[in-house]
């Protein structure tokens with residue numbers, strides 16, 4: 001397979017990941033994750049791994065509650081061995097506005113699986129001092 005075709009496959013996985021979240025499709029969403037997948041959320045305390053993440057997903061999706069992050073720009077890279085990929089993507093969310101997703105995928109049994117996903121809210125540099133001060137106050 002060519003790098004371009006692998007990138008297309010990876011983008012299909014990521015698009016499916018977001019689509020499954022919108023429709024609270026638990027089986028579809030989990031099928032795109034590795035067994036040990038790690039999700040880092042926007043709050044500093046949000047780190048779910050493996051079964052804890054699957055339980056978190058179930059607590060929402062089993063009630064028909066999903067979430068919508070719409071990708072608008074994405075970059076994908078693949079390691080020289082062709083088995084590991086990384087990405088960053090711009091996302092739009094109704095509540096959080098512009099967000100950024102970054103992560104790693106691994107080729108497992110011929111299929112790309114999300115190993116780690118990190119969701120952040122990019123803070124403009126000119127606001128960083130104020131945001132850091134407010135975070136310190138909250139701690």
Potential extension, residue 126-residue 3 segment - 0.36 nm per residue separation minus Cα distance: 40.5 nm
R0 of 22 Å, Cβ-Cβ distance residue 111-residue 74: FRET efficiency to nearest 0.05: 0.70
Estimated [θ] at 222 nm from DSSP helical runs (n ≥ 4, -39500 (n - 2.57)) normalised by residues in the chain, nearest 500: -12000 deg cm²/dmol
Neighbour-count order for 72, 34, fewest beta carbons within 10 angstrom listed first: 72, 34
Cβ-derived FRET efficiency at R0 25 Å, residue 98 paired with residue 60, nearest 0.05: 0.65
Listed values (1) 25, 16, 15; (2) 27, 24, 14; (3) 26, 19, 14, entry calculated as semi-axes √(5λ) of the Cα gyration tensor in Å: (3)
Share antiparallel - DSSP beta bridges, the chain, percent rounded to 5: 90 percent
Contact order relative to length of the chain, as percent, for alpha carbon pairs under 8 angstrom and 6 or more apart: 22 percent
Tilt relative to the chain, helix 3-22 - C-alpha long axis, 0 to 90 degrees, to 10: 50 degrees
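Only the coordinates and a few stated rules stand behind these numbers; no lab work does. Please read all numbers here as calculations on a predicted model, not as lab measurements. Quick reminder, even Gly has a Cβ in these numbers, built from the backbone with ideal geometry, and neighbours come from all protein chains shown.
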